[in-house]
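Read the figures in this text as sums done on the coordinates, not as results from a lab. Remember, it's a predicted structure, so these values are computed and weren't measured experimentally. Cβ placement follows ideal geometry from the backbone for every residue including glycine, while neighbour counts extend to all protein chains displayed.
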Amino acid sequence: MIKNYRVNSGKGKRTISIDETLCKGCGICVWVCPKKVFTFSNNLTSQGFYVAKVLNKRECLGCRLCEIQCPDFCINVSELS
């Protein structure tokens, strides 16, 4: 399942998408984000992982470090017009 988080802040409009079927909960996105946008979900997936989720979406800078560093390609940051 893909979860989409819409961001509308002074830093621009974007969508952060996390594909929970691909995420294995490694935490790289949690650690690389300079604004601490991500955290871990409290719910286990069917594969037994605590996947990433967006906690502070208004803090997102749109730097895409999460997307670039994710080894499973489960995060996508899309700019909106």
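Overview of results
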item: The stretch 67-81 residues near the modelled residue 22 label - backbone nitrogen below 17 Å, point 7 Å along Cα→Cβ; result: 67-79
item: Neighbour net charge for residue 55 - beta-carbon separation under 11 angstrom, K R +1, D E -1; result: +4
item: Fewest-first ranking of 58, 64, 14, using other Cβ atoms within 10 Å as the exposure measure; result: 58, 64, 14
item: Mean separation of Cα contacts under 8 Å (6+ apart) over length of the stretch 2-79, as relative contact order %; result: 37
item: Inter-probe distance in nm under a simple model that places probes 7 Å from Cα toward Cβ, at residue 43 and residue 80; result: 2.2
item: Measure of compaction for the chain (Cα Rg per 2.2 N^0.38 Å); result: 1.01
